[in-house]
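These notes concern the structure reproduced below.
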Amino acid sequence: MQASDAARLLLDAKGTAFKIKAAAVVSCILVLGILLLGLVVAMGGSAGAIGCGDRGRPSIEPPSDGEGPQNPNTGYLRKAQVENAKTIDGIAKEGGLSGRATLIALMTALQESTLLNLDHGHLDSIGLFQQRPAAGWGTKEQIMQPKYAAKMFFWGGDDGDPPGLTDIKGWETMRLGQAAQAVQRSAYPDYYDQHEAMARDIAREGGIDLNRHGTNGTTPPGSSGQPKQPDDCKNGGEKPAEPGAPFHDGKAPWPNEVKNPRSTRDAIVWAREEARTSAGGKKWYRMCLAFTAVAYGWNSAGTGYAIDHYHQMPASMKHDKDRNPPPGALMFWDTGQRAGHVAVYLGNGEIASNDIRRPGYIDVVPATEIETKWGATYVGWAPPYYPNAG
């Protein structure tokens with residue numbers, strides 16, 4: 001073999017080695033691309049954060065799950081929610097059902113799918129109501145059709161299995177969330193009621209009449225979509241006021257279970273001082289529940305979301321929609337986002353709240369600003385009770 005031939009063979013070998021290495025690099029890039037594509041597909045292409053929600057818990061969240069005003073980029077989501085709500089109501093009206101039936105369906109869909117037609121969920125759950133093909137609700141293709149899904153929610157299977165809303169005896173008079181649970185049979189039965197306010201807002205935007213009476217029979221009194229008032233209010237006889245009405249000081253001693261490191265008076269003083277000095281800097285951004293817990297001397301509240309903290313309160317401590325909280329009470333709002341909002345009521349219609357005037361800071365503001373500035377819905381008040389705090 002001549003030296004020139006040997007040199008040529010060596011160059012060919014080096015070229016081959018380079019090609020092999022290059023091919024290996026390209027292969028790695030392709031594999032990485034496929035993995036990333038799979039992740040995007042698994043997320044359903046949604047802008048929201050996908051979770052592993054169980055039945056009765058949504059597996060999708062709106063793009064922002066913090067407190068405060070709606071993210072301006074989520075307008076398309078609201079539009080989709082309104083359109084889906086109108087579809088659901090259209091099916092209810094065609095079947096002669098009342099506005100109450102529509103309200104129950106909207107509350108259910110908000111909890112199950114955030115009122116979005118999802119093609120994924122826990123196990124094989126899909127669609128507006130996260131109905132499962134394996135449980136007899138229909139094929140995947142059928143359930144992904146909002147009109148079909150709504151019909152199944154209202155009337156269920158032809159043989160009554162699975163049962164729909166109208167198969168539930170007494171659904172017209174039972175509590176809204178209870179009726180939803182009777183259809184869904186969720187592992188989280190208490191979560192449906194928290195969506196009533198948002199369901200009503202969406203219905204209002206969509207021109208849906210929740211006061212409509214059913215045409216396939218008489219609608220029982222009090223079941224036309226208007227919330228039923230309790231016979232005796234837990235808050236001392238005060239009736240809930242209209243949204244935007246002023247808040248007044250009420251009088252209510254805390255139950256014996258309410259024990260905090262810091263007294264109510266000292267918590268109010270501490271909250272006002274935090275607002276005055278801004279000593280915390282921007283550390284309170286989307287930390288409303290944590291702020292209230294720290295005000296009462298705890299390191300943390302022990303609960304992830306403000307709205308969950310309210311709904312996990314004992315029934316005797318919740319004062320739904322009452323606008324007469326005593327100073328030191330925790331006041332809660334549904335912001336249209338997963339977390340909701342909570343603030344410490346200081347008295348004289350004022351609260352100590354984060355993010356309302358300055359993101360990350362605490363300010364003393366009228367309690368009505370949460371409604372007027374954020375468009376939030378007042379849920380109610382409760383004592384400063386932190387059973388999971390530490």
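The values are calculated or read from the model by the stated rules, or taken from the named source; none is laboratory data. Small disclaimer: the values here were computed from a predicted structure and weren't measured. Neighbour counts run over all protein chains shown; Cβ positions are idealised from the backbone, glycine included. To get the accessible areas, we keep the full protein, side chains included, count just its heavy atoms, and leave off ligands, DNA and RNA. Shrake-Rupley method; radii C 1.70, N 1.55, O 1.52, S 1.80 Å.
Here is how the numbers come out for the structure above:
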{"read-out": "Label-to-label distance, nm, for residues given as Ala187 and His248 (7 Å Cα→Cβ offset)", "value": "4.6"}
{"read-out": "Val294, Val269, ranked by accessible area, largest first (probe 1.4 Å)", "value": "Val269, Val294"}
{"read-out": "Whole-Hz ³J(HN,Hα) from phi, Karplus 6.51 cos²θ - 1.76 cosθ + 1.60, for the stretch 327-344, glycine and proline x", "value": "x, x, 5, 9, 10, 10, 10, 8, 8, x, 10, 4, 6, x, 8, 9, 9, 8"}
{"read-out": "Shape category assigned to the stretch 142-207 from the gyration tensor of Cα positions, a/c cut at 1.5", "value": "oblate"}
{"read-out": "Residues whose placed amide H lies under 5 Å from that of Tyr361, excluding near-sequence neighbours", "value": "Asp355"}
{"read-out": "Qualifying trypsin sites (Lys or Arg not before Pro) in the stretch 101-181, DSSP loop, other Cβ atoms within 10 Å at most 15", "value": "Lys169, Arg175"}
{"read-out": "Given Lys79/Lys147; Lys86/Lys321; Lys79/Lys151; Lys259/Lys321, the pairs whose alpha carbons are separated by over 19 Å", "value": "Lys86/Lys321; Lys79/Lys151; Lys259/Lys321"}
{"read-out": "Area of Thr377 that stays accessible when all protein chains are in place (1.4 Å probe, Å², to 10)", "value": "30"}
